[in-house]
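The values are calculated or read from the model by the stated rules, or taken from the named source; none is laboratory data. Keep in mind that this is a model prediction, so the values were computed, not measured. When we count neighbours, we look across all protein chains shown, and the Cβ atoms used for this are built from the backbone with ideal geometry, even at glycine. In case anyone asks, the SASA skips ligands and DNA or RNA and just uses the protein heavy atoms, side chains included. Shrake-Rupley method; radii C 1.70, N 1.55, O 1.52, S 1.80 Å.
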Amino acid sequence: MLVSMTVRNIALIESLHIEFTKGMQVLSGETGAGKSILLDSISLVLGERADRGLIRSGCERASVEALIDISNVPKVAQLLAEQELEAEGNLLSLQREITTNERNLCRVCGTIVPLTFLRSISELLVDIHGQHEHQSLLDSKKHMGYLDSFGDEAFIEHKQRTAAAYRIWKESSSKFAALRKENTLRAERTEYLTSRVKELDAAQLAIGEAEQLNAERERFASAEKIDSSVRSAYVETYSGSREQSAMNKLRTASDAMRSVEHLDPRFAALTSRLDAAYYELEEIGLELRDILEQESFDPDRNEQVMDRLDLIRRLERRYGMTADELVNHHEEIKDELNRLGSMEDRLRRAEGDYKQKLQQYRQEAAALTSARESLARQLETTMEQQLAELGMHNTRFACVFEQPAPEQKKIPTPDGDDHVVFYIAPNPGEPLKPLDKTASGGELSRLMLAMKAAGAAHEGIPCMIFDEIDTGISGHIAQVVAEKMASIARYHQVLCVTHLAQIAAMADDQFLVQKSVVDDRTFTTVARLSKDERIQEVARLIGVSNEQQESGYAHARAILNAAWDWKRKMNVQPV
């Protein structure tokens, strides 16, 4: 439940702290006193859109903090744990701060969090019903959601199984659709891939081939220079004429020194060195001869290399990738071509899987429809009883399962195949008609209240706030509405803004919202009323003037006593 709320600098509120209790809490006061400001503050801390117009004039920031007991809401504890947050003593702190410089902060358990997380938490804790919530009953798209909210655990399991079957079918459907689309382009794609595979088959590319050919081309480009240089070195070293060959000249020098080597050891040493140089030069000459034989320029091979490189360059430009990448691409398109060849078999398997998953979904959806129809009959009976107690006697309420037109197919959804619309006949003898074409504003208020009263025992949200629930009602019906709200308050904390004495008298706690002017500034204050003060406020609500004060107070006292007696008799004290 909502334990307390602290408001600072919101509109006419400078600083305000309110502590709430279990059961039914009523806020009353003169029109314009600031009751709507309190509801705006609650909406703000629960994550509604931040309107900077709420900031009190002359202030730069405003804030609202709420303390909520989450003892009986395990889903909230789970959400907190996922974010590594913990509510101390099961008391959850929510805070919202807005500023004039567009800096807004949301805090949960004192930690700054995204607005979406604050909303995900608060929607499990507080349900606010104002005029626009009543109007939501006019949206037929929301009717099935209202109906499903009355389902028990078995019904919820039906919905979960249907949603799971839908997800499985959706995945299968997507795969089948993708294959069918692929199949429509299969002939064109097959022709295209076949031509590519044929071209690359003929090319017979190999990893590293282009690099090797480039190196060979470079050698061929230098072949003439290599041949001239090596041949000249060979001639000068080894195969020149006797007069020009370096070897011949070395031999002549060696023979000349040998004729005098016995005359001086130095001459003998030089002779040995000349002989060594001769033999070294002979080896160089032989090696140069081998190079000339091996590196001879081959015009035919050069032409083959250039043609091969030209083919590779054309393929690289055509495919937009390197020669080595083309080798892998070649294998990939061959694999794709093989897959296209087996398309018919894959299509048959995918279609079979699709139909099987659709059948499984239809079975779950049919079971959900049966459970939903049973739930609808229960809701119809309950709603008619609730509406009768709210003064709408002999009103017929129906959950109509509308069927699609014959030419329309039933498209699977996570919620099953049903489309439920609420129909109502407020007056005897009139046919059932869609709710949005029949109900008045006052009837919508009572319909919403009847729905909340019908689901009070199992509705999971711990706190309900009603604004303008008394729209269009008065007299005896006001008393019935008050009793309904007190019944709801047995299972939920109820906060209600009202102008009706009967509803105010039924409260477990009543707060008076007042507006005052101090030093030319307007302030809104909220005070919990004592028993005597409640008598005065209820008297004001029924319009007691100073001249009627004694009798009016007696009437107010009687209304309050009657409300207390009714709650004791009906045992509607808060659980």
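Hey, can you tell me all the residues within the range 184-198 that are open to solvent by 60 Å² or more (accessible area, probe 1.4 Å) and not in a loop (DSSP other than H, G, I, E, B)?
Matches in the range 184-198: Thr184, Ala187, Glu188, Arg189, Glu191, Tyr192, Thr194, Ser195, Lys198.
Working carefully through the options Leu124, Leu115, find the one that is open to solvent by 20 Å² or more (accessible area, probe 1.4 Å), hydrophobic (A, V, I, L, M, F, W, C), in contact (Cβ under 8 Å) with a residue 24 or more places away in the chain and farther than 20 Å from Pro462 by Cβ.
Leu115
Looking at the range 88-112, which of the residues that are more than 19 Å from Val3 (Cβ to Cβ), of a type outside the set (D, E, K, R) and modelled with pLDDT under 90 is most open to solvent (accessible area, probe 1.4 Å)?
Per the criteria, the residue is Asn101.
(1) in contact (Cβ under 8 Å) with a residue 24 or more places away in the chain; (2) among the hydroxyl-bearing types (Ser, Thr, Tyr); (3) open to solvent by less than 60 Å² (accessible area, probe 1.4 Å): which one isn't true of Thr525, the others all being true?
(3)
Condition check ((1) farther than 30 Å from Lys334 by Cα; (2) not hydrophobic (A, V, I, L, M, F, W, C)) across all residues:
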{"position": "Ala210", "(1), (2)": "no, no"}
{"position": "Asp227", "(1), (2)": "yes, yes"}
{"position": "Val230", "(1), (2)": "yes, no"}
{"position": "Ala233", "(1), (2)": "yes, no"}
{"position": "Tyr238", "(1), (2)": "yes, yes"}
{"position": "Asp264", "(1), (2)": "yes, yes"}
{"position": "Ala268", "(1), (2)": "yes, no"}
{"position": "Leu274", "(1), (2)": "yes, no"}
{"position": "Arg313", "(1), (2)": "no, yes"}
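Find the residue count for the range 394-408, including only residues that are open to solvent by 60 Å² or more (accessible area, probe 1.4 Å), under 35 Å from the mean Cα position of the chain (by Cα) and either under 19 Å from Asp436 (Cα atoms) or modelled with pLDDT of 85 or more (or both).
2
Checking Gly53 against (1) surrounded by 16 or more Cβ atoms within 10 Å (Cβ to Cβ); (2) modelled with pLDDT under 90; (3) part of a helix (DSSP H, G or I): exactly one of these is not met. Which one?
Of the numbered conditions (1) surrounded by 16 or more Cβ atoms within 10 Å (Cβ to Cβ); (2) modelled with pLDDT under 90; (3) part of a helix (DSSP H, G or I), the odd one out for Gly53 is (1).
Tell me, which residue of the range 338-393 that is assigned to a helix (DSSP H, G or I) and hydroxyl-bearing (Ser, Thr, Tyr) is surrounded by the most Cβ atoms within 10 Å (Cβ to Cβ)?
If we take residues in the range 338-393 being assigned to a helix (DSSP H, G or I) and hydroxyl-bearing (Ser, Thr, Tyr), then Tyr361 is surrounded by the most Cβ atoms within 10 Å (Cβ to Cβ).
Please go through the range 30-48 and pick out each residue that is closer than 15 Å to Ser93 by Cα and of a type in the set (A, V, I, L, M, F, W, C).
Ile42, Leu44, Val45, Leu46
Mind counting the residues in the range 24-34 that are surrounded by 22 or more Cβ atoms within 10 Å (Cβ to Cβ) and under 16 Å from Lys515 (Cα atoms)?
Number of matching residues: 4.
Restricting to the range 537-575, count the residues that are touching a strand residue (DSSP E or B) at 6+ places or on another chain (Cβ under 9 Å) and either open to solvent by 80 Å² or more (accessible area, probe 1.4 Å) or under 30 Å from Cys59 (Cα atoms) (or both).
0
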